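Below is one structure, written out as structure tokens, with a few remarks after it.
The values are calculated or read from the model by the stated rules, or taken from the named source; none is laboratory data. This is a predicted model, so every value here is computed, not measured. Cβ sites come from the backbone with ideal geometry, for glycine too, and all protein chains shown count toward neighbours.
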Amino acid sequence: MIRGNGPHIRYYGSGSPSWISRAVWQPRRKNSLQAESSMGTNTKGATRIVMNALSARLGGGQTYVLNLLESLPEQLDAEIFILAPDSLSLPLGRENVTKIQVKWPLENPFTRAIWEWLYLPKLLKRLDADVLFCPGGIIGAHVPKGCKTVTLFQNMIPFSLMQRQRYGLSYMRIRNWLLERALSRSMAKADCVIFISEFARRVIEKKVPRLPGKTIVIPHGVNPVFRNNREPKPDWLPAEKYILYVSILDVYKAQLEVVRAFALLKARRPTTEKLILAGPDRSQYARTVQDEIERLGMSNDILLTGPVAHDALPSLYRNALINIFASECENCPYIMLEALASGRPLLASCREPMPELGGDAAVYFDPSSPQELAEKLQSIIDDPVRIADLSRKALERSLLYDGSRAAHRTWELIQDCA
């Protein structure tokens, strides 16, 4: 995290629009106009980029935005205005980064969509924006003439009919159906679309017209703290060695199958290791997982941690005997890349794009088969030579996913689009 002496605070005056709260302004470069007078006056030639990160409310969405800002190139001649929720704490010490806060309650995606449709065009015009960048994937407004649009595709679930059907007749199923249409429209009309895996680009180019020729693949990058961590195992973890799976508990993440696989492993060998499932666990699916743990008599062998702070993850990965990533539907998961960077053996889902990302540095299994996962675990867990080999390969593979390099490519693309 970039540290500074704290942001220089300035506020909009009485003429500020009622739909924007007081903004926290970082200090400008010396040759810039004052914050209050620069609104709508792009006279100094720097590219004005508005990033709509209002949907970055947790997990990978926030990680992506923070990684971009922490690796902002010093030589980038741009002013960056960020629409972000209060929960997203931006890095300090960046003179050309401004956070704009919105008065509306935008936790609800439908309320957020209404605000973007009504007021985002006015803000873009007021800022004289050159580029609107939407890391959430949806361009929720008509942009002024001369303002280019760049969108990022991250969410594969809306484009998987099988995964949508697993939610039954529920709010999540309807939401994902609507997201498929909104994301498709946004990508079709964007000036440039960033994909984070070749797999995703192949899938979406078949579904969305007018994409070829305006897409680029820039995979996520990993913060170097995940490679360089040497901290001891956290005190709150069990004393025994552990197998780790970091992820929100959700139906497509297959924690239920992982629990059953661990029970099979324990039945086949004297397993003293614990299984740790680390991630938010307040969904109905999480309760189903908890019930299965109790049914199998594994309450003393499997730990559900609930949410874990992001800065605690490097040590958690690094001290695991084996990391697991069992998701059935992904695009370019940070969790898998972070697990690789920890330099520990990784067992990953065989569903794309996991093999694209992990190459020969991971062992793959069918996430719907507890039997297969148990067999793969058993083949590795008592083999120190293979553990050492997979650890080395994981660390080497992670070097392909450099956070600074990915951020620099992204900022250069956005600026070139203008």
**OP:** Please find, among Gly306, Gly359, the residue that is on the phi > 0 side of the Ramachandran plot and out of contact with any Asp or Glu (no Cβ under 6 Å at 6 or more places or on another chain).
**Re:** Gly359
**OP:** Being of a type in the set (D, E, K, R) and either outside any strand (DSSP E or B) or modelled with pLDDT under 95 (or both) is the filter here, so list the residues in region 259-278 that pass it.
**Re:** Arg260, Lys266, Arg268, Arg269, Glu273
Subject >> Hey, Ile387 at pLDDT 95 or above, surrounded by 22 or more Cβ atoms within 10 Å (Cβ to Cβ) and of a type outside the set (Ser, Thr, Tyr) or not >> reply: no
Original post:
From the residues in region 201-237 that are touching a residue at least 60 places away in the same chain (Cβ under 8 Å) and farther than 30 Å from Ile302 by Cα, which one is farthest from the chain's Cα centre (by Cα)?
Top reply: Ile216
Subject >> Flag if Glu273 is surrounded by fewer than 18 Cβ atoms within 10 Å (Cβ to Cβ) and farther than 22 Å from Arg287 by Cβ >> reply: no
**OP:** Take Leu124 and decide whether it is in a helix (DSSP H, G or I), farther than 30 Å from Glu330 by Cα and out of contact with any strand residue (DSSP E or B) (no Cβ under 9 Å at 6 or more places or on another chain).
**Re:** no
Original post:
In region 249-258, is there at least one residue being closer than 30 Å to Glu198 by Cβ, assigned to a helix (DSSP H, G or I) and touching a Lys or Arg at 6+ places or on another chain (Cβ under 8 Å)?
Top reply: yes
Original post:
Is one or more of the residues making up region 288-310 closer than 28 Å to Phe153 by Cβ and crowded, with 17+ Cβ neighbours inside 10 Å?
Top reply: no
Original post:
Has region 95-115 got at least one residue that is over 26 Å from Asp281 (Cβ atoms), in contact with a helix residue (DSSP H, G or I) (Cβ under 6 Å, 6 or more places away or on another chain), not in a helix (DSSP H, G or I) and not aromatic (Phe, Trp, Tyr)?
Top reply: no
**OP:** Give region 335-352 a look and list any residue that's over 15 Å from Leu395 (Cα atoms), surrounded by fewer than 24 Cβ atoms within 10 Å (Cβ to Cβ) and touching a residue at least 40 places away in the same chain (Cβ under 8 Å), or say none.
**Re:** Glu352
